[in-house]
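Written below as structure tokens is the structure these notes are about.
The values are calculated or read from the model by the stated rules, or taken from the named source; none is laboratory data. Because the structure is a prediction, the values reported are computed rather than measured. A quick note on method: Cβ atoms are made from the backbone with ideal geometry, for glycine too, and the neighbour counts reach across all protein chains shown.
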Amino acid sequence: MVQNTVPSESADVGGPKAAPRASHRKRAVFGLLHHHALEDRGHDNIVRIGHADRAWSDLYHHALTIRWGTFFWVSLALYILINVGFALLYMVVPDQVTGAHPHAFWDFFFFSIQTLSTVGYGVMAPIGPVAHVVVSFELLGGMILNAVATGLVFARFSRPKARVIFSDRALIRTEDGVPHLSVRIANRRLSPILSVSLEMSLARLIVQSNGRLARRFDPLPLMQSHVPVLRFAFPLLHVIDGNSPLNGLDLDQLAREEAEIVVTLTGTDEVSGQTVFARTAYGFDRVLYNHRFVDIIDAAPDGRITVDYTRFHATEMH
């Protein structure tokens, strides 16, 4: 067990015996890898060769997962592009739209907007067969577009999301002679999360006997992996005993293997009744030794419970 706040590279994480050093071949292989916090950074830092992730092949999923800002600007650009296209079609037969000047693009553009949205103010209207055909197709497309846009906006607003915060650091300390790995989580909503299931794993890039890389997940059993009601903050504790995957590993080996601690949470939101998920990951450069979390829950003079989230990430020497 590490006895210093900032341990040396050869310090043992969970036991007295350090693991043997990797071969020079392993050092060369892992030296090319720079996927720090792979599980925490998501999918943007992964390059998939031979599998193109085209937006139109899974349009609904992309529309749900892109950022709100991107969603807004893409929707606006598509809306303008559609109306520009129909405005140019109307300009082909300018005499078949009443109330519009023959060569005024903006008249036909705003007539397209009125048609697409089914507003129809009555100032401009189609009078010829070609204009009626174009208007019919635009009305059909407008109804489909409005239905899809309404569904996407509703789905993005109603998509369940756990407002759970994880501590900036994972801590390793010794209690009664036994080393513990601890992480703190907290619910940021006023309503509790019910039936919370928690998992902690050690993720490592392992060089197999055939020389190939493989991502391996070793479970780190928690002292309490199920929480009936998550209302405030809760500590996750893993005992680094003889059965722990961390036992006997040193920091040098963990660094070569791009090791990180992955924490996942699944629960049910009390208000919506929907299942919510949350996850994070800690590289071992985000692990503090011989520290513990500062208390954030206290009783106010009026008898109410106070939770000081400003100290949620604060730690102190233990």
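Out of everything in the stretch 202-233 that is of a type in the set (Val, Ile, Thr) and in contact with a Lys or Arg (Cβ under 8 Å, 6 or more places away or on another chain), what residue ends up being nearest to Thr266 (Cα to Cα)? Applying the filter and picking the extreme gives Ile206.
Considered as a group, the residues in the stretch 294-307 that are touching a strand residue (DSSP E or B) at 6+ places or on another chain (Cβ under 7 Å) and not in a strand (DSSP E or B) include one that is surrounded by the most Cβ atoms within 10 Å (Cβ to Cβ), and that residue is Ile296. Screening Met223 with (1) exposed (fewer than 14 other Cβ atoms within 10 Å of the Cβ); (2) out of contact with any strand residue (DSSP E or B) (no Cβ under 6 Å at 6 or more places or on another chain) gives one miss only, at (2). With respect to the conditions (1) modelled with pLDDT under 80; (2) touching a helix residue (DSSP H, G or I) at 6+ places or on another chain (Cβ under 6 Å); (3) more than 24 Å from Leu254 (Cβ to Cβ), Val47 falls short on a single one, namely (2).
Taking (1) more than 47 Å from the chain's Cα centre (by Cα); (2) not in a helix (DSSP H, G or I) in turn, Gly120 satisfies each apart from (1). The residues of the stretch 209-227 that are touching an Asp or Glu at 6+ places or on another chain (Cβ under 8 Å) and either more than 15 Å from Leu198 (Cβ to Cβ) or in a strand (DSSP E or B) (or both) amount to a single one, Pro219. Before we move on, is Leu145 over 30 Å from Val276 (Cα atoms), out of contact with any helix residue (DSSP H, G or I) (no Cβ under 6 Å at 6 or more places or on another chain) and in a helix (DSSP H, G or I)? It is false that Leu145 is over 30 Å from Val276 (Cα atoms), out of contact with any helix residue (DSSP H, G or I) (no Cβ under 6 Å at 6 or more places or on another chain) and in a helix (DSSP H, G or I). Of note, Leu145 does not satisfy the criterion of being in contact (Cβ under 8 Å) with a residue 24 or more places away in the chain and under 30 Å from Val271 (Cα atoms).
Every residue, every condition in (1) buried (at least 18 other Cβ atoms within 10 Å of the Cβ); (2) out of contact with any strand residue (DSSP E or B) (no Cβ under 7 Å at 6 or more places or on another chain); (3) at pLDDT 85 or above, yes or no:
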| position | (1), (2), (3) |
| --- | --- |
| Val92 | no, yes, yes |
| Val97 | yes, no, yes |
| Pro102 | no, yes, no |
| Phe111 | yes, no, yes |
| Gly120 | no, yes, no |
| Pro129 | no, yes, yes |
| His132 | no, no, yes |
| Ser136 | no, yes, yes |
| Leu140 | no, yes, yes |
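Would the stretch 181-196 turn up any residue that is in contact (Cβ under 8 Å) with a residue 60 or more places away in the chain, under 30 Å from Glu270 (Cβ atoms) and either in contact with a helix residue (DSSP H, G or I) (Cβ under 8 Å, 6 or more places away or on another chain) or not assigned by TED's automatic domain parsing to the domain that holds Ile261 (or both)? Scanning the stretch 181-196 turns up at least one residue that is in contact (Cβ under 8 Å) with a residue 60 or more places away in the chain, under 30 Å from Glu270 (Cβ atoms) and either in contact with a helix residue (DSSP H, G or I) (Cβ under 8 Å, 6 or more places away or on another chain) or not assigned by TED's automatic domain parsing to the domain that holds Ile261 (or both).
The number of residues in the stretch 197-219 being free of Cβ contacts under 8 Å to residues at least 24 places away in the same chain and of a type in the set (A, V, I, L, M) comes to 1. The residues listed here are Phe110, Phe86, Phe71; of these, the one that is in contact with a helix residue (DSSP H, G or I) (Cβ under 6 Å, 6 or more places away or on another chain) and either aliphatic (A, V, I, L, M) or in a helix (DSSP H, G or I) (or both) is Phe86.
Just one of (1) charged (D, E, K, R); (2) surrounded by 15 or more Cβ atoms within 10 Å (Cβ to Cβ); (3) free of Cβ contacts under 8 Å to residues at least 24 places away in the same chain fails for Arg279. It is (3).
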